[in-house]
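A.B. asks: My questions will all concern the structure given below.
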Amino acid sequence: MAERPSIDEHVRGNLPPLSLHVPEPPFRPGDPVDYSYLTIPPAGAQPRPDEACDPAETHPLCHDLIRVLDDEGRAVGPWDPRLDPETLRRMLRTMALTRAFDDRMYRGQRQGKTSFYMKCTGEEATSVASAFALADDDMVFPSYRQQGILIARGYPLTEMINQIYSNRADKLKGRQLPIMYSSREHSFFTISGNLATQYPQAAGWSMASAIKGDTRIAATWIGEGSSAEGDAHAAFTFATVFNAPCVFNIVNNQWAISSFSGFAGGERATFAAKAVGYGIAGLRVDGNDALAVYAAMRWAANRARANKGPTLIEHFTYRAEGHSTSDDPSAYRSAQERSEWPLGDPITRLKNHLVALGEWSDQQHDAMDKEHIEQVKAATKEAEKNGILGHGLHHPFHTMFEDVFEELPWHLEEQAEQAIRERRIKWPTWKEYD
């Protein structure tokens, strides 16, 4: 039997020791901020391939950054969607309303009216502009920072707040964490707290749509941290093999809770570059440029509807607030990061574009903000009539056993009666609200 070859000890002794690389964010609390390492190409410089092109033609765009709005607020280049002023104003209003809603719900959480909330400040364009580019009945599989889609599709603010408060009017009957909405009527799939589960669900739904010969496509969103989950890669494989009419969105907001994007692979390549390995179309877009986001989503949606397969879009943006109300970003990142972010604020940039067109003004913008504050305040007061956290107004206790079977089986009915009986013994004054 031949001896196994080995490295001589004297050779091994000359080898350098192995070392493990641990990604480090560029700035920590107290550090000065310098974004000069980022490559921000000029707006309008990126080519726009034909929607029916071979996926390989898009792969250079996975390493570029599609931009439409320049520093003067002008829309330039081949990706300019040439939207009419009224559509632009509606988009601006929806983004601003989403931010006003976030601000009010954040304060509500701090006041103890709900247990938890997540803002999308700085990322409004990634959901609102995308929603404007899709058909209203296209199925969306969102993550927990796409409340702008529901607002864009006209879902009542009061119903969103009822869900956040888990009160007696909550259509989900208190079974979901706050902000994990669901609306079949608005083609808005139930949000899950488990990361990336919506990706294979979207791929499967879009495959089913193709099997049925439907015309509706699917679009789905995750953060860049979630793109490291196995579910994302399973979805890419299925969508690639079966040419699924699906748009995969990765919102690269630089942070996954307190871990920066390098832990998900952002140091070695862009997140859009994952499309190259799977042979699907890929685009990397300025996520704070509402027109660029709209144009990229419309391009990908048209491509999917024409049976040209899936597209992966990376939205390069920045999470301006903490991950959630449970997070303190000052503990892990520089306080100057937000103000120094080179791609600015999506609402301000769209506002400046409309002002440059002569279709908007600072006075109109201020009036709009005041109107939104009152609109959200009124919706909040209406929802609070149905109860807030700890108020005691909730769905009847019996409902926790319902909605699984068409008719409640005898053993669950017995369990429900036992649970209610024991609850009354423990809290004699307890009443089950209808």
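A.B. asks: Per residue of segment 76-87, what does 6.51 cos²θ - 1.76 cosθ + 1.60 with θ = phi - 60° give for ³J(HN,Hα)? Whole Hz please, x for Gly and Pro, Karplus curve as stated.
C.D. replies: Each residue's phi maps through the Karplus curve to give 9, x, x, 8, 4, x, 6, 6, 6, x, 5, 5 Hz.
A.B. asks: Looking at the square roots a ≥ b ≥ c of the eigenvalues of the Cα gyration tensor of segment 201-346, which shape do they give, rounded for a/c under 1.5, prolate if a/b is larger than b/c, or oblate?
C.D. replies: prolate
A.B. asks: For the chain, what is the percent of antiparallel DSSP beta bridges, rounded to the nearest 5?
C.D. replies: So the antiparallel bridges in the chain amount to around 15 percent.
A.B. asks: To continue, here is another question. Here is the link list: 113/173; 171/212; 171/385; 119/274; 351/377; 171/370. Which ones come out longer than 20 Å on Cα distance? Walk me through the intermediate numbers first.
C.D. replies: Working: 113/173 17 Å; 171/212 30 Å; 171/385 15 Å; 119/274 27 Å; 351/377 23 Å; 171/370 29 Å.
Over 20 Å Cα-Cα: 171/212; 119/274; 351/377; 171/370.
A.B. asks: Enumerate the calculated ³J(HN,Hα) couplings along segment 386-398 in order (Karplus 6.51 cos²θ - 1.76 cosθ + 1.60, θ = phi - 60°), each rounded to whole Hz, writing x wherever the residue is Gly or Pro.
C.D. replies: With the stated coefficients, segment 386-398 comes to 8, x, 10, 4, x, 6, x, 8, 8, 5, x, 3, 4 Hz.
A.B. asks: How large is ³J(HN,Hα) for each residue in segment 339-350, as worked out from phi by the Karplus curve 6.51 cos²θ - 1.76 cosθ + 1.60 (θ = phi - 60°), to whole Hz, x for Gly and Pro?
C.D. replies: 5, 8, 4, x, 9, x, 10, x, 5, 4, 5, 5
A.B. asks: Apply the a/c threshold of 1.5 to the C-alpha gyration tensor of segment 177-225 and tell me whether it is rounded, prolate or oblate. Before the final figure, lay out each step's value.
C.D. replies: Numbers: a/c = 2.79, a/b = 1.54, b/c = 1.81.
Since a/c reaches 1.5 but b/c is at least a/b, the shape of segment 177-225 is classed as oblate.
A.B. asks: With an 8 Å cut-off on Cα pairs and a minimum separation of 6 or more residues, tell me the relative contact order of the chain in percent.
C.D. replies: Values: 781 pairs, mean separation 98.2, N = 434.
This gives 23 percent for the chain.
A.B. asks: First check a/c for segment 35-125, with a ≥ b ≥ c the square roots of the eigenvalues of its C-alpha gyration tensor; if it is under 1.5, answer rounded, and if not, answer prolate when a/b is larger than b/c or oblate otherwise.
C.D. replies: Taking the square roots of the gyration eigenvalues as a ≥ b ≥ c, segment 35-125 is prolate.
A.B. asks: Taking the alpha-carbon set of the chain, what are its Rg and Dmax in Å?
C.D. replies: 24.4, 88
A.B. asks: For residue 181, which sequence-distant residues (separation of 5 or more, or a different chain) have an amide H within less than 5 Å of its own amide H, given hydrogens modelled in the peptide plane?
C.D. replies: 191
A.B. asks: Here's something else I'd like to know. When only the heavy atoms of the protein chains count and the probe is 1.4 Å, how do 359, 185, 422 rank by accessible area, highest first?
C.D. replies: Heavy-atom accessible area, descending, gives 185, 422, 359.
A.B. asks: Under a 1.4 Å probe, what is the accessible area of segment 82-216 per residue, stated in Å²?
C.D. replies: It amounts to 37 Å² per residue over segment 82-216.
A.B. asks: Next question. Please state the relative contact order of segment 363-434 as a whole percent: Cα pairs under 8 Å, 6+ residues apart?
C.D. replies: Relative contact order here is 30 percent.
A.B. asks: Next up: Can you return the aspartates and glutamates within cross-link range of residue 308? Criterion is Cα-Cα under 16 Å, with same-chain partners fewer than 8 residues away left out.
C.D. replies: Those aspartates and glutamates meeting the cut-off are 50, 51, 54, 57, 214.
A.B. asks: Separate question: Express the relative contact order of segment 185-230 as a whole percentage, based on alpha carbon pairs under 8 Å and six or more residues apart in sequence.
C.D. replies: With pairs under 8 Å counted, the relative contact order is 41 percent.
A.B. asks: Moving on to the next point. Can you work out the PRE-style zone for residue 57? Point 7 Å along Cα to Cβ, and I want the residues of segment 295-324 with backbone N under 11 Å.
C.D. replies: Under cut-off, by backbone N: nothing.
A.B. asks: Where in segment 67-133 are there chymotrypsin sites (Phe, Trp or Tyr not before Pro) that are in a DSSP coil and have at most 16 other Cβ atoms within 10 angstrom of their Cβ?
C.D. replies: Here the chymotrypsin sites (Phe, Trp or Tyr not before Pro) that fit, given the DSSP loop and packing criteria, are 116.
A.B. asks: When DSSP assigns beta bridges and you keep just the ones with both residues in segment 191-293, what percent turn out antiparallel, to the nearest 5?
C.D. replies: Looking only at bridges with both residues in segment 191-293, the antiparallel portion is about 25 percent.
A.B. asks: If you count only protein heavy atoms with a 1.4 Å probe, what accessible area per residue comes out for segment 237-346, rounded to a whole Å²?
C.D. replies: Per residue, segment 237-346 has 32 Å² of solvent-accessible surface.
The values are calculated or read from the model by the stated rules, or taken from the named source; none is laboratory data. Computed from a prediction, not measured in an experiment: that's the story for all the values here. FYI the Cβ positions are ideal-geometry reconstructions off the backbone, even for glycines, and counts take in every protein chain you see. Quick note on the areas: whole protein, heavy atoms, side chains included, nothing else; ligands and nucleic acids left out. Shrake-Rupley method; radii C 1.70, N 1.55, O 1.52, S 1.80 Å.
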